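This report concerns only the one structure given below.
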Amino acid sequence: MSASLIGRPLARVDGRAKVTGTARYAADFNQPGQLYAVIVSATVGLGRVMDVAAAEVERMPGIAAVITHRNAPKLPYLPHRAVIDPAVGERLHVLQEDNVRFYGQPVAIVVADTLDHAERAATALRVTYETRQPLVDPADRRAEKIVPEAATRARALADRSRGDADGAVAQAPVRIDETYDIARENHNPMEPHATIAAWNGDRLTLWSKSQYLVNEQAEIAAVFGLPAENVEVICPFIGGAFGTSLRTWPHVTLAALAARHVARPVKLVLTRKQMFFTTGHRPRTRQRVALGATPEGRLTGVIHEGMGETSRYEQFMEALTNVTDYLYSCPNVRTQYRLAQLDTSTPNHMRGPGDASGIFALESAMDELSYKLGIDPIELRRRNEPQIDEAENKPFSSRSLMQCYELGSERFGWARRTPKPRSMRDGRLLIGMGAATATYPAFHAPASARVRLLADGLAEVEAAASDMGPGTYTSMTQVAAEFLGLPPEQVRFRLGRSAYPQTPSHGGSWTMASVGSAIRAACLEAQAQAARRAVADTRSPLFEASVGNLEWSAGHLRRRGEASTGLSYQDIVARTGAPVEAEGSAQRDPEVAERYSMHSFGAVFAEVAIDPDVGTIRVRHIVGAYGIGRVVNPLLARSQCTGGMIGGIGMALMERTVLDLRDGRPVNAHMADYLMPVNLDIPKLEALFVDEVDPHVNPLGVKGLGEIALVGTAPAIANAVFHATGKRVRSLPIHIEDVLTA
Amino acid sequence: MAENPSELHLPGPIMSRREALQVTAGAVTLAALPPETVAATSSSPAVVKNDMTLTMTVNGRIHTLTVDPRQSVLDVLRETLDLTGTKKGCNQGACGACTVLVDGKRIVSCLTLAAMHGGAQIETIEGLEKDGVLHPLQEAFVEHEGLQCGFCTPGQIMSGLGCIAEGHAGSPQEIQFWMSGNICRCGAYPGIVAAVADAAGRT
Ligand code: FES
Ligand code: FES
């Protein structure tokens with residue numbers, strides 16, 4: 001087997017499709033005879049729909065239907081709960097009742113012959129409401145704080161504790177006790193959610209933006225009371241998602257419902273504004289972190305209490321306080337997680353969910369502690385580097401945090417930093433340097449894949465996976481080529497169909513671990529089948545050879561130690577007729593999972609330049625060094641990391657969705673008002689990887705990258721802002737005003 | 001757009017955003033329309049179809065089109081001509097995903113009324129590849145990792161062509177400035193700048 005393919009910077013196999021406009025995203029699958037649906041969103045934050053003046057718009061040109069809770073069919077909504085759905089609560093049942101639970105909830109759909117006719121009628125549709133005052137501010141005293149009832153991950157328990165953290169912090173000679181706030185963020189991928197639905201009898205095809213095709217299939221089948229095999233979901237390309245397309249949101253149901261109502265294919269695309277209503281968001285959080293330490297900088301106690309917003313109808317949980325359990329060595333640690341239930345829609349995982357928010361608080365507090373102690377922030381982390389995961393009492397499968405700090409600080413030039421705040425300048429600009437730890441669990445979920453070896457020498461590989469941008473098409477091609485011993489040009493990897501072998505959601509940085517391991521298994525199975533065929537074929541030079549004495553190398557089968565060319569897949573398939581078709585699946589060995597604590601680690605460095613007179617903050621340089629196990633494709637991995645850092649710049653300095661407290665309306669639901677990094681905001685970005693071999697996580701030795709790439713950037717920037725100005729900002733995003741009052 | 005009228009706070013008859021635009025840009029719009037269309041648009045929009053006929057050259061092909069005067073160039077491309085390479089990211093003129101060249105200039109096609117561009121020459125992402133050979137800027141986007149999900153890419157490339165043609169690709173900083181109207185949420189910006197710089201150097 002050639003060992004060179006994994007780890008090679010192969011250019012994207014789908015690059016050509018993407019630069020020619022031939023890559024098709026959900027809304028690009030126009031169907032013959034298709035009509036257009038547009039959602040009418042509630043303009044009140046809480047109440048009841050009293051009247052919909054449907055008749056007025058039904059007369060407008062091209063209108064095929066106006067569907068409201070009055071004329072919508074009652075849908076079965078059979079029980080369905082995927083891992084990605086909140087464990088407690090029930091999804092929004094759309095157009096099934098007159099209740100309005102939050103601003104922007106769909107209250108009607110208009111279907112017309114053209115998009116413009118549908119938009120026009122949707123705009124004209126008069127809806128009257130009975131209105132009540134919604135509660136949308138998690139800081140409001142009336143907002144009920146609840147103990148989440150279920151854990152989404154083993155660690156995400158509401159309360160965890162070891163030792164006596166409160167006592168230890170109270171008695172510590174050096175203490176930090178602060179509160180940190182993070183604004184609501186919306187994923188805002190460039191591609192709006194879109195679904196084209198077409199019925200054929202009781203079979204439904206959905207061209208739909210989804211990070212979890214097999215769940216979309218199962219959920220829509222449950223909503224309409226159909227067998228799952230009657231629903232097919234197709235999504236070969238995703239225009240970014242960052243978590244927003246993990247769940248199946250109401251618009252998918254609406255598209256299918258509308259298509260059935262008008263008996264034509266229906267295309268439904270959310271407006272940018274509607275992307276702020278029903279498709280999830282990173283929840284607003286408030287966190288308290290209290291640290292106690294000795295004068296030498298050994299942590300004696302850590303308290304981390306976090307509160308996140310959720311809706312009234314579902315308890316969305318994320319891993320807000322999880323990292324605090326295992327990141328540093330400390331005998332006394334207590335974490336707590338609460339939810340505030342509000343009259344808004346349900347949040348959802350957004351890149352680095354929970355961990356990115358939690359680590360902002362913890363890593364800001366660690367930085368504060370370093371100044372209080374007069375110890376270099378990196379040295380402080382070194383003094384508290386644990387030997388094992390002290391919460392689980394298990395060794396780490398691998399942990400290269402200190403190597404990351406070494407590699408990163410050298411590239412970044414940490415040695416240039418003078419410790420005192422406000423001590424570095426470039427002309428009149430204040431310069432600040434900050435660092436923070438990044439971490440994310442190395443997940444692995446059961447997945448399967450299929451390999452087909454064809455008579456023309458090509459290998460087809462299929463899995464119901466997704467590629468929202470990291471390069472799944474390319475990296476999986478590499479994995480298959482590696483294990484089949486073929487050049488990547490001879491591998492065709494296909495994803496984006498629910499009918500392909502099942503995979504988990506495309507999120508949680510587990511796609512390569514899960515799908516990649518399944519592809520490896522399928523490749524090995526295909527080789528085993530091909531070998532059995534070769535020895536059973538009377539005309540084969542390997543006829544009646546013992547399979548155990550054969551070996552594959554560079555896609556050829558030969559007797560072990562023999563120098564012959566051997567048989568290629570093509571030779572074997574051509575002689576025996578039908579293609580070889582093999583399925584493989586993989587999951588983590590539960591015993592190994594029990595034995596090790598598995599996480600990625602990284603160190604992020606940021607340099608900022610701040611104008612002392614007007615407070616403008618520019619990030620000048622970010623270096624991230626990561627220990628993520630094996631890197632399948634360094635070109636793609638670096639892109640993913642720098643993309644994550646850019647997301648982190650947004651989180652640190654720009655992104656927030658502001659709700660009008662009167663009615664819960666997102667007041668900046670616009671691409672120009674929800675600020676996110678543009679080209680000119682981008683500094684020098686460098687992503688480095690330490691050599692890390694992790695034999696435990698999965699057969700590929702990969703720990704995942706998508707999430708950790710964002711985690712850690714925001715606190716590194718906030719810490720740099722403090723170093724530049726001496727002003728500690730404990731709420732994200734950091735504004736000009738925050739540093740002007742320094 | 002599907003905003004409910006009650007949140008627009010518009011007195012009197014309800015207008016869609018595009019109609020509002022049309023009214024504010026009224027003089028220009030009406031002057032650009034043939035007389036019979038002017039007559040048609042003045043009647044009640046709720047009941048009368050105001051379709052008008054115009055020609056448009058897209059990627060060298062002449063199309064005679066019947067368009068609703070409210071239709072954007074973007075919707076005509078995507079929904080009428082099924083040229084779905086050009087993307088709709090916001091329909092708010094704020095993301096650049098819909099960038100095309102109209103008479104050689106880069107514009108956001110979501111805020112451009114087709115009715116105002118009868119006779120225009122439009123170039124979209126689909127027209128760049130010639131006889132199976134990629135345009136140097138397309139090649140550079142693949143080579144320099146100027147993309148991840150690819151959704152902003154058609155707009156970035158068309159905008160990049162405009163940026164180079166305008167003479168705004170002299171340095172990485174200049175490219176960053178003049179490409180800042182095209183948002184890439186995946187954050188492929190470093191590659192985008194490298195690709196534009198490379199192609200600018202080659203052409
Ligand atoms: S779609 Fe035109 S600028 Fe966003
Ligand atoms: S490549 Fe995904 S938005 Fe630019």
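The values are calculated or read from the model by the stated rules, or taken from the named source; none is laboratory data. Small disclaimer: the values here were computed from a predicted structure and weren't measured. As a convention, Cβ positions derive from the backbone with ideal geometry for all residues, glycine included, and neighbour counts pool all protein chains shown.
Candidates A:62, A:33: the one that is farther than 23 Å from residue A:252 by Cβ and modelled with pLDDT of 95 or more is A:62. Name, by its number, the condition in (1) among the hydrophobic types (A, V, I, L, M, F, W, C); (2) away from ligand 2 (no atom under 16 Å from the Cβ); (3) surrounded by 23 or more Cβ atoms within 10 Å (Cβ to Cβ); (4) not in a loop (DSSP other than H, G, I, E, B) that does not hold for residue A:632. Going through the list (1) among the hydrophobic types (A, V, I, L, M, F, W, C); (2) away from ligand 2 (no atom under 16 Å from the Cβ); (3) surrounded by 23 or more Cβ atoms within 10 Å (Cβ to Cβ); (4) not in a loop (DSSP other than H, G, I, E, B), residue A:632 breaks only (4).
Filter segment B:119-132 for residues that are outside any loop (DSSP other than H, G, I, E, B), surrounded by fewer than 21 Cβ atoms within 10 Å (Cβ to Cβ) and facing chain A (nearest Cβ under 10 Å); which is farthest from ligand 1 (Cβ to nearest atom)? Per the criteria, the residue is B:127.
Within segment A:27-48, the set of residues being within 8 Å of another protein chain (Cβ to nearest Cβ) and basic (Lys, Arg) is empty.
Among the residues making up segment A:1-10, those that are in contact with an Asp or Glu (Cβ under 8 Å, 6 or more places away or on another chain) and buried (at least 17 other Cβ atoms within 10 Å of the Cβ) are A:5, A:6. Kindly check whether there is at least one residue in segment A:716-725 that is in contact with a strand residue (DSSP E or B) (Cβ under 7 Å, 6 or more places away or on another chain), assigned by TED's automatic domain parsing to the domain that holds residue A:375 and part of a loop (DSSP other than H, G, I, E, B). Checked against the condition, which is being in contact with a strand residue (DSSP E or B) (Cβ under 7 Å, 6 or more places away or on another chain), assigned by TED's automatic domain parsing to the domain that holds residue A:375 and part of a loop (DSSP other than H, G, I, E, B), segment A:716-725 yields no hits at all.
Okay, residues lined up against (1) modelled with pLDDT of 95 or more; (2) in a strand (DSSP E or B); (3) in contact with a Phe, Trp or Tyr (Cβ under 8 Å, 6 or more places away or on another chain); (4) farther than 26 Å from residue A:345 by Cα:
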| residue | (1), (2), (3), (4) |
| --- | --- |
| A:3 | no, no, no, yes |
| A:23 | yes, no, yes, yes |
| A:39 | yes, yes, no, no |
| A:92 | yes, no, yes, no |
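Counting residues in segment A:405-423 that are in the same structural domain as residue A:636 (by TED's automatic domain parsing) and part of a strand (DSSP E or B) gives zero. Of the residues making up segment A:290-325, those that are within 25 Å of residue A:103 (Cβ to Cβ) and part of a strand (DSSP E or B) number 6.
Among residues of segment A:223-241 that are within 14 Å of chain B (Cβ to nearest Cβ), those with a Cβ under 7 angstrom from a residue that is within 16 Å of ligand 2 (Cβ to nearest atom) and in a helix (DSSP H, G or I), sequence gap 6+ or separate chain, pair up as A:235/A:26.
Each row is one residue, and each column tells you yes or no for (1) assigned by TED's automatic domain parsing to the domain that holds residue B:91; (2) within 16 Å of ligand 1 (Cβ to nearest atom).
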{"residue": "B:117", "(1), (2)": "yes, yes"}
{"residue": "B:144", "(1), (2)": "no, no"}
{"residue": "B:148", "(1), (2)": "no, no"}
{"residue": "B:157", "(1), (2)": "no, yes"}
{"residue": "B:165", "(1), (2)": "no, no"}
{"residue": "B:169", "(1), (2)": "no, no"}
{"residue": "B:194", "(1), (2)": "no, no"}
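Summed over segment B:150-181, residues that are facing chain A (nearest Cβ under 7 Å), within 12 Å of ligand 2 (Cβ to nearest atom) and in contact with a helix residue (DSSP H, G or I) (Cβ under 6 Å, 6 or more places away or on another chain) total 5. On inspection, residue B:107 passes the criterion of being part of a strand (DSSP E or B), within 16 Å of ligand 1 (Cβ to nearest atom) and not assigned by TED's automatic domain parsing to the domain that holds residue B:187. Taken over segment A:54-63, residues that are within 13 Å of chain B (Cβ to nearest Cβ) and either out of contact with any His (no Cβ under 9 Å at 6 or more places or on another chain) or of a type in the set (Lys, Arg) (or both) amount to 5. Residue check: residue A:51 meets all listed conditions (1) within 14 Å of chain B (Cβ to nearest Cβ); (2) part of a loop (DSSP other than H, G, I, E, B); (3) surrounded by fewer than 20 Cβ atoms within 10 Å (Cβ to Cβ) but one, namely (2). If I filter segment B:91-111 down to residues being closer than 24 Å to residue B:52 by Cα and more than 14 Å from every other protein chain (Cβ to nearest Cβ), which single residue comes out as nearest to ligand 2 (Cβ to nearest atom)? Ranking the qualifying residues of segment B:91-111, first place goes to B:107. A single entry from A:655, A:594, A:581 fulfils the requirement of being within 21 Å of the chain's Cα centre (by Cα) and either of a type in the set (Asp, Glu) or outside the structural domain of residue A:395 (by TED's automatic domain parsing) (or both): A:655.
Residue A:534 satisfies every condition listed in (1) under 29 Å from residue A:352 (Cβ atoms); (2) free of Cβ contacts under 8 Å to residues at least 60 places away in the same chain except (1). Of everything in segment B:134-144 that is facing chain A (nearest Cβ under 7 Å) and buried (at least 24 other Cβ atoms within 10 Å of the Cβ), the residue that is nearest to ligand 2 (Cβ to nearest atom) is B:141.
The residues listed here are A:66, A:100, A:110; of these, the one that is within 14 Å of chain B (Cβ to nearest Cβ), closer than 21 Å to residue A:46 by Cα and touching a residue at least 12 places away in the same chain (Cβ under 8 Å) is A:100.
List the residue pairs whose Cβ atoms are under 8 Å apart, where the first residue sits in segment A:365-392 and is among the basic types (Lys, Arg), the second is outside any helix (DSSP H, G or I), and the two are 6 or more positions apart or on different chains. If the second residue must be outside any helix (DSSP H, G or I), the pairs left are A:372/A:174; A:372/A:176; A:381/A:328; A:381/A:437; A:383/A:296; A:383/A:297; A:383/A:298; A:383/A:375.
In the set A:79, A:138, A:73, only one residue is buried (at least 17 other Cβ atoms within 10 Å of the Cβ) and either within 14 Å of chain B (Cβ to nearest Cβ) or of a type outside the set (A, V, I, L, M) (or both); that residue is A:138. For first residues located in segment A:20-35 and of a type outside the set (A, V, I, L, M, F, W, C), partners that are surrounded by fewer than 16 Cβ atoms within 10 Å (Cβ to Cβ) and lie 6+ apart or on another chain with Cβ distances below 8 Å form the pairs A:30/B:82.
When residues in segment A:1-16 are screened for being touching a residue at least 60 places away in the same chain (Cβ under 8 Å) and within 11 Å of chain B (Cβ to nearest Cβ), 5 of them pass.
Taken together, the criteria place residue A:228 among residues that are away from ligand 2 (no atom under 16 Å from the Cβ), out of contact with any strand residue (DSSP E or B) (no Cβ under 8 Å at 6 or more places or on another chain) and not assigned by TED's automatic domain parsing to the domain that holds residue A:657. For the condition within 24 Å of the chain's Cα centre (by Cα) and more than 14 Å from chain B (Cβ to nearest Cβ), residue A:643 does not qualify. Within segment B:62-90, if we keep just the residues that are in contact (Cβ under 8 Å) with a residue 24 or more places away in the chain, within 11 Å of chain A (Cβ to nearest Cβ) and β-branched (Val, Ile, Thr), the residue that is farthest from ligand 1 (Cβ to nearest atom) turns out to be B:67.
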